[in-house]
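Here the structure comes first, spelled out in structure tokens, and everything after it is commentary.
Each reported figure results from applying straightforward, stated rules to the coordinates on display, with no laboratory input. Everything quoted here is computed from the prediction, not taken from an experiment. Cβ: placed from backbone, ideal geometry, glycine included. Neighbour counts: every protein chain shown.
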Amino acid sequence: MNFIEEELNYTFKNKDLLKVALTHPSYVDADYNNERLEFLGDAVLELVISDYLYNNFDLPEGKMTRLRANIVCTESLATAALKLKIGKQLFLGKGEVLSGGQKRHSNLANAFEAIMGAIFLDSNFDTVKKVILSALKDNIKLATEGKIYKDYKSRLQEYVQQNPNTSVKYLDVDATGPEHDQVFTAQVVINGVPETKGKGKTKKEAQQQAAKAYILKNNI
């Protein structure tokens, strides 16, 4: 865990917070996991990136929303987590390890969010803001230069807004596998008509894949 602190350039006062942030729900030898910290970290990340975009770019709301979504999406956070080598430090159940859980993007992104939530609790907003902006600086640069566009749900929502008679919803269709290693299926619903489906290790990821499939199918 000291390695992660060095990579983040942040030393935890409460080391237990970092341990919890790195503990996947599949890890059976603990009475806790990182899901609550992930929830908090998700909100902290959105606020930090929103604050950064608002104060550094004179952009309309829709553009800022799309940029923020690109920066904090699963692929972006997983990329940052890979650079920090977070996967090697995760506490995972045996099944999750055998199935490649250390490299699974949903696990990496969730752990990244949880770590940021832990830093927020361990310090304050200004401190976690510095850590986040440092860890995501490359992703922010790419997003603001228009070189990445990973948030397919935002892209589809933008298309819907440009077509007033079109509406989009997402259905959580199915979930298979053991609780610690589920695969979710989601479906895009356009104007009440079920369309493309997508699969993922989280409901968010499944919805993203369903949106991606619809975008590619209709050349949006």
A correct Karplus calculation of ³J(HN,Hα) over the range 38-48, with 6.51 cos²θ - 1.76 cosθ + 1.60, θ = phi - 60°, whole Hz and x for Gly and Pro, returns 4, 4, 5, x, 4, 5, 5, 4, 4, 5, 4
Give the percent of DSSP beta bridges with both residues in the chain that are antiparallel, rounded to the nearest 5.
-> 95
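How large is the dipole of the chain about the Cα centre if only Lys and Arg carry +1 and Asp and Glu carry -1, each at its Cβ, rounded to the nearest 20 debye?
The dipole of the chain has a size of about 640 debye.
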Quick one: which residues, 5 or more positions from Tyr27 or on another chain, have an amide H under 5 Å from its amide H? H modelled 1.01 Å from N in the peptide plane, none for Pro or chain starts.
-> Gly93
Got a sec? How would Leu90, Leu121, Leu59 order by Cβ neighbour count within 10 Å, fewest to most?
-> Leu59, Leu121, Leu90
Rounded to whole angstrom, the alpha-carbon centroid of the range 16-47 lies from that of the range 154-199 at a distance of 26
Euclidean distance of C-alpha centroids, the range 107-148 and the range 77-105, integer Å = 17
